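Quick notes on the structure that follows.
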Amino acid sequence: MDLINLADASPLQAADSDFVLEGAVRRPLSLSVEQLRGYESALARPFTLRCFTTQRLIREVGAYRGVRLIDLIDEAGLRNDTPGDFKRTVFVACAHDGYAVTFSWHELFNTAGGDSVLIAYECAGEPLRVEDGVPVLYAGADIMAAPRHLKRLTKVIAQVLDVR
């Protein structure tokens, strides 16, 4: 089994905000924020961002607008070399600084929570800038938003787990 090297989530240039969907997909995607704006969008509710460990208030966050991650995964198409591979796929979302969070295929496609995982390019009706963390990955159904609130998303890697 090939392991994911999180060091590959290299720092971006200040003006670079491309997002890549790669790994066990049929058609890898590389999209700029402007290209993300061309997709059908979804709107999240405003929320309070709190530190997971201390519950300290970080800030109030307005409504994010962005593309649902599941829509981009559908466009890229998951590989299914062996029947059922897609159900053993995990997705690792990586930020420019090496921070990473995970999602399972079941979580994204077999629960209502998958509909609220966004790659956001707008907040409270205003375009996000690189300084704001664009593109932002946000999991709207999470009980605590902070652990999977990922700024400057660089890539999502799809990997089929080999559990045999």
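Rule-based calculations on the coordinates, nothing more; no lab input. On a predicted model such as this, the values are computed, not experimentally measured, just so you know. As a convention, Cβ positions derive from the backbone with ideal geometry for all residues, glycine included, and neighbour counts pool all protein chains shown.
For the reader, a short list of remarks on this structure follows.
- Under 5 Å, built H, 5+ apart or other chain: amide partners of Leu78: Arg26
- The phi torsions of the range 147-164, fed into the Karplus equation with coefficients 6.51, -1.76 and 1.60 and a -60° offset, translate into couplings of x, 10, 8, 10, 8, 6, 4, 9, 7, 10, 10, 8, 9, 7, 6, 9, 9, 7 Hz, rounded to whole numbers, with Gly and Pro shown as x.
- Karplus 3J(HN,Hα) series, Hz, for the range 125-139 with 6.51 cos²θ - 1.76 cosθ + 1.60 (x for Gly, Pro): x, 10, x, 6, 10, 4, 4, 8, x, 4, x, 9, 9, 9, 9
- Whole-Å distance, taken between Cα centres, linking the range 25-80 and the range 85-132: 5 Å
- For Lys155, nonlocal amide neighbours, meaning residues 5 or more places apart or on other chains whose placed amide H falls under 5 Å from its own, are Val20, Cys94.
- Residue-wise HN-Hα coupling along the range 48-64, computed from phi with Karplus coefficients 6.51, -1.76, 1.60 (Hz; x: Gly, Pro): 9, 8, 10, 4, 5, 7, 10, 6, 5, 5, 8, 5, 7, 10, x, 5, 7
- Ascending count of other beta-carbon atoms within 10 Å, so fewest first, for Leu150, Leu78: Leu78, Leu150
- Interchain or long-range residues, amide H under 5 Å from Tyr64's placed H: Ala44, Ala124
- Note on the chain: with a GNM built from Cα contacts shorter than 10 Å, the maximum mean-square fluctuation among Asp97, Asp74, Asp115 falls on Asp74.
- Considering only Asp81, Asp18, Asp71, the Gaussian network model of the chain with Cα springs below 10 Å gives its largest mean-square fluctuation to Asp81.
- Think of each Lys and Arg Cβ as +1 and each Asp and Glu Cβ as -1; about the Cα centre, that makes the dipole of the range 16-160 roughly 360 debye.
- Within the range 122-152, trypsin sites (Lys or Arg not before Pro) in DSSP loop having at most 15 other beta-carbon neighbours inside 10 Å: Arg129
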